[in-house]
Amino acid sequence: MGLTGTIPPQFGNLSFLVSLDLSYNNFQGELPPEFTRLLRLRAIDLSFNFLSGQTPQLLGDLEDLRMLSLENNSFSGFIPSSISKMKNLEFLNLKYNNLEGNIPIEIATLQRLKQFSLGYNKLNGSNVLSILQRLGLSSNMLSGELPRSISECAQLQVLLLFQNNIVGTIPREVGNLLLLQYLDLGQNRLEGTIPDEIGHLHNLKELRMEQNALTGSIPLIIFNISSLEVLSMWNNQLEGPHTKKSVIPDEVGNLQELVGLTLYLNNFSGSIPIGISNISTLRAISLTNNHISGKLPSTIGKGLPNVEGIYLFENNINGVLPCSISNLSKLAVLELGGNVQFLSL
């Protein structure tokens, strides 16, 4: 509604208030301490304002709160341990603030907490909670290794840890998170190979591991995840299977729901697999800056009716551009530069 100014302390007189939604306004300043009187509150949404000050300790007094969203404000300081008093809390969203320090271990006592978003702050540490459905800690300063105890988070459907300082290898135990739909470990400092156990995540829709130092090949079992829509592993040191002659195996054609395939800035060599032409849902293919050779398969213009972008520049592709590529009616970008042996039409 475009409301401005500070939140009036008179709100504390609304002793029967159950839900308070002041989101998407222009409120500024700190929360009034009179909020502690609102003992019947079940939901608070103050997101997308200009509120500031320390994360209020007083929130711990609201023990019946189910939902708390302070997203996109300017709260600073530490997350108060008093937040653990809210035993009924199910949804906690504090992302896009200026919070710092460790994630208080006391949060692990919130047995009803299902969604927990702290992304885009300045938090560090690597505490893992076992009762969540969604864990969003992207764009912080989390460090250390991804703990094997992550497998205890059996209810997780979303795990977002991109843009942190997580090191070491990806633990095989991630494969025990059988309900996982979104896994994003991009922009960290992970190394080693991708564990085969990732292929056990049969509900996975998005798998992102870009901008790490991963080596070896993509496990073949991952190409059996029929629900996969996005496979993004660009800017690593990955290569194709040594037993195959193609950049990735023909089994990629099993991914019948795949929309985006981004594997650029790796060490893939060999030819483009014919199986890629079987994915009618594909919109974007990016294999730029690899060592791909051979010809463009003639089938590429027959089985990709939805493709909008094909990015293959800086490789070793040769031969003639297949005439079938004219069938790609939705194609907006075709990048083949830097293939010195390419003979055009």
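The figures follow:
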read-out	value
Local electrostatic count at Leu334 - Lys and Arg +1, Asp and Glu -1, tallied over other residues with Cβ under 14 Å	0
Region 139-223: Cα Rg divided by the 2.2 N^0.38 Å rule of thumb	0.99
Size of charge dipole - the chain - debye, nearest 20, with Cβ of Lys, Arg +1 and Asp, Glu -1, no other charges	320
Whole-Å semi-axes of region 218-328's equivalent ellipsoid (Cα gyration tensor)	19, 18, 13
Around Leu228: net Lys/Arg minus Asp/Glu count, Cβ-Cβ under 13 Å	-2
Gained length - Leu179 relative to Asn327, 0.36 nm times residue gap less alpha-carbon distance	49.4 nm
Dipole of the chain, positive end: most advanced residue of Ser84, Ala284, Gln133 [Cβ charges, Cα centre]	Ala284
Percent carbon-and-sulfur accessible area, the chain, ignoring ligands, DNA and RNA, probe 1.4 Å	49
Per-pair calculated FRET efficiency, R0 = 30 Å: Thr281 and Asn316 via Cβ, rounded to 0.05	0.60
Rg and Dmax of the chain, Cα atoms only, in Å	24.3, 78
Size-normalised alpha-carbon gyration radius of region 1-155, reference 2.2 N^0.38 Å	1.03
Chain lengthening between Ser143 and Ser84 when straightened (0.36 nm per residue, less Cα-Cα)	18.9 nm
Calculated Rg and Dmax of region 71-229 using C-alpha coordinates, Å	15.5, 47
Efficiency of FRET between Leu3 and Glu257 - r from beta-carbon atoms, R0 30 angstrom, step 0.05	0.10
Largest to smallest principal axis extent of the C-alpha atoms in region 32-97, angstrom	25, 20, 19
Beta bridges per DSSP with both ends in region 29-91, % antiparallel, nearest 5	0
Residue pairs, from the table Lys205/Lys330; Lys295/Lys330; Lys85/Lys114; Lys95/Lys330, whose Cα atoms sit over 26 Å apart	Lys95/Lys330
Residue-normalised accessible area of region 209-268, expressed per residue, 1.4 Å probe, Å²	38
Dipole magnitude (debye, nearest 20) for region 36-93, charges at Cβ of Lys, Arg, Asp, Glu	160
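The values are calculated or read from the model by the stated rules, or taken from the named source; none is laboratory data. What you see is a predicted model, and the numbers here were worked out from it, not measured in a lab. Because the Cβ atoms are built from the backbone with ideal geometry, glycine has one as well, and the counts that use them run over all protein chains shown. For the accessible areas, the whole protein counts, side chains as well, though only heavy atoms, and no ligand, DNA or RNA atoms are used. Shrake-Rupley method; radii C 1.70, N 1.55, O 1.52, S 1.80 Å.
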